[in-house]
Amino acid sequence: MKQVIQRSALYTALLCMVIVVSACGAKNNKESVQEHAYPQSKQPIEEAGQGSIPNAEAKNKNDQNSTAGEEGKMQTQSNAAATSKDIDIVIDQSDKPMEGNSFDFAIKKVPKGYSLTEMRWTSNTVTIVNTMQEAIEHGGNGEDGFYFSGNGQFSGFIYSDEMKGERGKATFVFTNDEGNMLMSEKEIQLK
């Protein structure tokens, strides 16, 4: 029992350090993207195809300047020692004694030198992108999107009633000091 408590305290301390380091050193050069469109289909992205992602053109135009740089960073990542397989994130959709819709996530393992910089929800009906700073703000004000509570103890994603039943991907982007990026994706159907 004592080891479990020590291990929990260690993970909590590590998560707090990641949040503080990320918040202090992260540049916010992109705006949060929250694009809502509700087509009739609620198929998974794989079945619906990439062409069915709403507002894909608008998002691509916003990211046009950074796309070439990010492709280079992703290629550099393949030469790095760390890989996306070194990331362990657990998603929890169990019922909670609170109103509203949400799922929790816990970051269990991250490669050394990498910190969480961005979280994305992508489905065939909506794309939501939040930076760490925005997630920390959402933890304080309860807005929809990804959140981290003030002390870093809780993290999750809050969504509207219209999104219930959606299938999509939660993507977590980790970046190191050299700008190399690693991503971890989890397919989820929102309850």
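The values are calculated or read from the model by the stated rules, or taken from the named source; none is laboratory data. Everything numeric here is computed off the predicted structure, so don't read it as measured data. Glycine also receives a Cβ, built like all others from the backbone with ideal geometry; neighbour counts cover every protein chain displayed. Heads up: the accessible areas ignore ligands, DNA and RNA and are worked out on the full protein's heavy atoms, side chains in. Shrake-Rupley method; radii C 1.70, N 1.55, O 1.52, S 1.80 Å.
Odds and ends about this structure:
- Filtered by the rule that a residue be open to solvent by less than 10 Å² (accessible area, probe 1.4 Å) and either modelled with pLDDT under 95 or more than 18 Å from Ile87 (Cα to Cα) (or both), the stretch 180-191 gives a lone residue, Leu190.
- The set of residues in the stretch 142-153 that are outside any strand (DSSP E or B) and touching a strand residue (DSSP E or B) at 6+ places or on another chain (Cβ under 8 Å) comprises Gly142, Glu143, Asp144, Ser149.
- Cβ pairs under 7 Å, 6+ apart, first in the stretch 133-155 and over 12 Å from Met119 (Cα atoms) and aromatic (Phe, Trp, Tyr), second assigned to a strand (DSSP E or B) and open to solvent by 20 Å² or more (accessible area, probe 1.4 Å): Phe154/Asp104
- Restricted to the stretch 142-154, and to residues there that are open to solvent by 10 Å² or more (accessible area, probe 1.4 Å) and not charged (D, E, K, R), the residue that is nearest to the chain's Cα centre (by Cα) is Tyr147.
- Elements of the type helices (runs of 4 or more DSSP H) sitting completely within the stretch 44-141 and holding at least 3 residues that are open to solvent by 40 Å² or more (accessible area, probe 1.4 Å) and at pLDDT 85 or above: these cover 132-141.
- Test: residue in the stretch 154-171 that is at pLDDT below 95 and in contact with a Cys (Cβ under 9 Å, 6 or more places away or on another chain): no
- Cβ-Cβ under 6 Å pairs, at least 6 apart or on other chains, the stretch 74-101 side farther than 14 Å from Lys191 by Cβ, far side of a type in the set (S, T, N, Q) and at pLDDT 85 or above: Thr76/Asn180; Gln77/Asn180; Ala80/Asn180; Ser84/Ser184; Ile87/Ser184; Ile89/Ser184
- If the condition is being in contact (Cβ under 8 Å) with a residue 60 or more places away in the chain and either assigned to a strand (DSSP E or B) or open to solvent by less than 10 Å² (accessible area, probe 1.4 Å) (or both), then the stretch 157-170 contributes Met163, Glu166, Arg167, Gly168, Lys169, Ala170.
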